[in-house]
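I have placed the structure first, in the form of structure tokens, so that the comments after it can refer back to it.
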Amino acid sequence: MGDQKKRTDYISWDEYFMGIAELAGMRSKDPNTQVGCCIVSQDNKILSMGYNGLPLGCSDDEFPWGKEYKDDDPYRAKYLYVTHSELNAILNYRGGSLENSKLYVSLFPCNECAKAIIQSGIKTIIYKEDKYPDSPSVRASKRMLDAAGVAYYPYKKTGKRIEIQV
């Protein structure tokens, strides 16, 4: 046994999993909003990941990525086609149950993702940003999460820079 002690500047679990969610979001082809998600077991094992993108088999080059037509011609806007990161992570999971797991996500979940989160048994959401707190979607999401007993809280930013060179 040497005198050397373990390092003390390692990243926390929250920094690690939010970092992975952010990295997953970097896979998104969306030119405006890249959202990533990481689902973790109670014992801090990664169960699944996802990012916002088109369903399998739908070409990234043939479907719209813009949002400028959302009101006058929604068929030409991204919203009818893109699967959110949380739903992708839930659908990507190939194990048993997601019961009592935690979900790390870079943007607070919409009402549709909240339904999937609740139904899958996820019990905790850690989110980096809540950009649309007053939108009907997020307000409905929080109402359902509260009613279902799903805890959610903002990620506590540490200011630590995590850099990866590939």
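When the criteria are applied in full, Pro109 fails the requirement of being more than 27 Å from Ala147 (Cα to Cα), modelled with pLDDT of 95 or more and outside any helix (DSSP H, G or I).
Filter segment 95-106 down to the residues that are at pLDDT 95 or above and open to solvent by 50 Å² or more (accessible area, probe 1.4 Å), then identify the one that is farthest from Asp43 (Cα to Cα). Within segment 95-106, the match that is farthest from Asp43 (Cα to Cα) is Ser97.
Here Ala89, Ala147, Ala114, Ala140 are screened, and the one residue that is open to solvent by 80 Å² or more (accessible area, probe 1.4 Å) and either aromatic (Phe, Trp, Tyr) or assigned to a helix (DSSP H, G or I) (or both) is Ala147.
All of (1) open to solvent by less than 90 Å² (accessible area, probe 1.4 Å); (2) assigned to a loop (DSSP other than H, G, I, E, B); (3) of a type outside the set (D, E, K, R); (4) under 19 Å from Ile117 (Cβ atoms) hold for Cys37 with one exception: (2). Go through the residues of segment 117-128 one by one and say whether even a single one is assigned to a strand (DSSP E or B), closer than 22 Å to Asn32 by Cβ and in contact (Cβ under 8 Å) with a residue 24 or more places away in the chain. Within segment 117-128, one or more residues are assigned to a strand (DSSP E or B), closer than 22 Å to Asn32 by Cβ and in contact (Cβ under 8 Å) with a residue 24 or more places away in the chain. Taking only segment 125-137 into account, find how many residues are open to solvent by less than 40 Å² (accessible area, probe 1.4 Å) and under 21 Å from Tyr16 (Cβ atoms). Number of matching residues: 3. Here segment 150-166 is the region considered, the condition is being within 18 Å of the chain's Cα centre (by Cα) and without any contact (Cβ under 8 Å) to a residue 40 or more places away in the chain, and the residue that is least open to solvent (accessible area, probe 1.4 Å) is Val150.
Within segment 1-15, residues that are surrounded by 10 or more Cβ atoms within 10 Å (Cβ to Cβ) have Cβ atoms under 9 Å from residues that are of a type in the set (D, E, K, R) in these pairs: Ile11/Lys160; Ser12/Lys160; Asp14/Lys156; Glu15/Lys160, counting only partners at least 6 apart in sequence or on another chain.
The values are calculated or read from the model by the stated rules, or taken from the named source; none is laboratory data. Nothing here was measured: the structure is a model prediction, and the numbers come from that model. Cβ: placed from backbone, ideal geometry, glycine included. Neighbour counts: every protein chain shown. The accessibility values were calculated without ligands, DNA or RNA, using every heavy atom of the protein model including side chains. Shrake-Rupley method; radii C 1.70, N 1.55, O 1.52, S 1.80 Å.
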